[in-house]
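Asker: For reference, the structure I am asking about is given below.
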Amino acid sequence: MSALAYPGGDPSGPAPTAAQVQQWAHSVEPHVKTLLANLPADLAGTVGPVLTRTLTEARAGRPLDDSDGSISAASTAIDRWVHDRCGYPMLDATTDGTALSGVPTSLPAGPLAISFTTTGDPTTAGFALLLGKVKDGQTVTAADVQSGRAGFEQVTDIVGAAGPGVGARPGYSVTTLTAGRYIVASPLGSPPTFTGLLAVELTVR
């Protein structure tokens, strides 16, 4: 249930229609049911009811309501479980606001478990970790993006994101990568005014 994927997940975008929410519910229902059937016992009692309620609401055309934080908490718990127990390739990135470490130079195509940790001053540390696949025909580098010579969102398609956990603890996310060239970036500071951007390159084969 990534914020990148569900209707209404972008707070700056338009509100989704009931039909859009129902279409999304139909597309994710098989995956949610598979997940519910395979949740470990320590998650089934807490995450299971949230997933079931969310899917029921979406099937009725009602936008996801995370005002109590329950959906975000359930999503984080699932992503942490996948990261720790499913054996996927991992990208464990860390930043103190001056460098972005832990990003490998290459990864295999397929599922990827992500963790993102920030340390140091929260007003200047990494706000989020973004994985962008460089668009066809683009020759820009991570250095171009970090220096501001190229706009990250203009030259890449964002395919994954993770926010940091609380108190220097990692945040988690899961995505699927296809072959190509990627730029992994971390905006520094907090919206609406960022103080900079860290960026490194990644090749997926």
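The values are calculated or read from the model by the stated rules, or taken from the named source; none is laboratory data. Just so we're clear, the structure is a prediction, and the values are computed from it rather than from any experiment. Here the Cβ is made from the backbone with ideal geometry for all residues, glycine too, and neighbour counts use every protein chain on show.
Asker: Might you let me know whether the stretch 104-114 holds any residue that is exposed (fewer than 14 other Cβ atoms within 10 Å of the Cβ), touching a Phe, Trp or Tyr at 6+ places or on another chain (Cβ under 9 Å) and under 30 Å from residue 46 (Cα atoms)?
Answerer: Yes, that holds for at least one residue.
Asker: Out of 160, 165, 97, 120, report the one residue that is outside any loop (DSSP other than H, G, I, E, B) and of a type in the set (Gly, Ala, Ser).
Answerer: Matching residue, one of 160, 165, 97, 120: 160.
Asker: Separate question: Does the stretch 67-103 hold any residues that are closer than 17 Å to residue 128 by Cβ, free of Cβ contacts under 8 Å to residues at least 40 places away in the same chain and either touching a Phe, Trp or Tyr at 6+ places or on another chain (Cβ under 8 Å) or of a type outside the set (S, T, N, Q) (or both), and which are they?
Answerer: Matches in the stretch 67-103: 94, 96, 102.
Asker: Still on this structure, I have one more. Among (1) surrounded by 12 or more Cβ atoms within 10 Å (Cβ to Cβ); (2) outside any loop (DSSP other than H, G, I, E, B); (3) of a type outside the set (Phe, Trp, Tyr); (4) modelled with pLDDT under 90, where does residue 4 come up short?
Answerer: For residue 4, the failing item is (2).
Asker: What are the pairs, 6+ residues apart or on separate chains, where a residue within the stretch 113-141 that is among the basic types (Lys, Arg) has its Cβ under 7 Å from a residue that is outside any strand (DSSP E or B)?
Answerer: That search, which allows pairs on different chains as well, returns 135/155.
Asker: Moving to a separate point now. Restricting the stretch 85-101 to residues that are under 20 Å from residue 189 (Cβ atoms) and surrounded by 15 or more Cβ atoms within 10 Å (Cβ to Cβ), which is nearest to the chain's Cα centre (by Cα)?
Answerer: Restricting to residues being under 20 Å from residue 189 (Cβ atoms) and surrounded by 15 or more Cβ atoms within 10 Å (Cβ to Cβ), the top hit is 93.
Asker: Could you check how many residues of the stretch 123-155 are in a helix (DSSP H, G or I) and within 16 Å of residue 98 (Cβ to Cβ)?
Answerer: 4
Asker: Of all residues in the stretch 173-189, which are under 15 Å from residue 126 (Cβ atoms) and either free of Cβ contacts under 8 Å to residues at least 60 places away in the same chain or within 17 Å of the chain's Cα centre (by Cα) (or both)?
Answerer: Passing the criteria: 173, 183, 184, 185, 186, 187, 188.
Asker: Hey, among the residues in the stretch 79-104 that are of a type in the set (A, V, I, L, M) and modelled with pLDDT of 90 or more, which one's nearest to residue 39 (Cα to Cα)?
Answerer: Of everything passing the filter in the stretch 79-104, 90 is nearest to residue 39 (Cα to Cα).
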